[in-house]
């Protein structure tokens, strides 16, 4: 797991963004950007190369599914590790849309660490 690569965290909840960033910091990630929704995430992805994306599933105006599909259409991001943060009822949809892993809310620090390890083991 390369903790030096930039990470983008996308969630419409500032509280959840902060929680995710704190978990990333505990794992050694320090280069972390945040976005409030899918549209602002796409803007960030167009400006900078990221090595990991963590995104909420349910956001407005552009949700996680739309973001995931849009990201997978960008040639440089077809292999980008993406972890979707979902309600348990959305996890099947996140797999079908091309996510590499998912975290069901509420998640523990251990769940978070396992999801990060999973996506980097498969790269």
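The values are calculated or read from the model by the stated rules, or taken from the named source; none is laboratory data. Remember, it's a predicted structure, so these values are computed and weren't measured experimentally. Neighbour counts run over all protein chains shown; Cβ positions are idealised from the backbone, glycine included.
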**Report entry** Residue that is closer than 16 Å to residue 5 by Cα, exposed (fewer than 13 other Cβ atoms within 10 Å of the Cβ) and either modelled with pLDDT of 90 or more or out of contact with any helix residue (DSSP H, G or I) (no Cβ under 8 Å at 6 or more places or on another chain) (or both), where the choices are 117, 121
**Finding:** 121
Query raised in the report: Residue check, residue 2 against (1) buried (at least 17 other Cβ atoms within 10 Å of the Cβ); (2) touching a residue at least 60 places away in the same chain (Cβ under 8 Å); (3) in a loop (DSSP other than H, G, I, E, B), all met but one. Which one?
Result: (1)
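This table checks each residue for (1) in contact with a strand residue (DSSP E or B) (Cβ under 6 Å, 6 or more places away or on another chain); (2) in contact (Cβ under 8 Å) with a residue 12 or more places away in the chain.
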site: 31; (1), (2): no, yes
site: 37; (1), (2): no, yes
site: 43; (1), (2): no, no
site: 48; (1), (2): no, yes
site: 52; (1), (2): yes, yes
site: 57; (1), (2): yes, yes
site: 63; (1), (2): no, yes
site: 85; (1), (2): yes, yes
Query raised in the report: Does any residue of region 63-74 turn out to be in contact with a helix residue (DSSP H, G or I) (Cβ under 7 Å, 6 or more places away or on another chain), assigned to a strand (DSSP E or B), closer than 17 Å to residue 103 by Cβ and modelled with pLDDT under 95?
Result: no
Query raised in the report: Looking at residue 22, is it closer than 20 Å to residue 110 by Cβ and out of contact with any helix residue (DSSP H, G or I) (no Cβ under 8 Å at 6 or more places or on another chain)?
Result: yes
Requested in this report: From the list 77, 102, pick out the single residue that is modelled with pLDDT of 90 or more, surrounded by 14 or more Cβ atoms within 10 Å (Cβ to Cβ) and touching a helix residue (DSSP H, G or I) at 6+ places or on another chain (Cβ under 8 Å).
Outcome: 77
Report summary line: Those residues of region 19-54 which are part of a helix (DSSP H, G or I) and surrounded by 21 or more Cβ atoms within 10 Å (Cβ to Cβ) amount to 20, 23, 38, 41, 45
Requested in this report: For residue 36, state whether it is more than 18 Å from residue 116 (Cβ to Cβ) and more than 15 Å from the chain's Cα centre (by Cα).
Outcome: no
Query raised in the report: Are any residues in region 2-19 in contact with a helix residue (DSSP H, G or I) (Cβ under 8 Å, 6 or more places away or on another chain) and either over 19 Å from residue 77 (Cβ atoms) or modelled with pLDDT of 95 or more (or both), and if so, which ones?
Result: 7, 8, 9, 10, 11
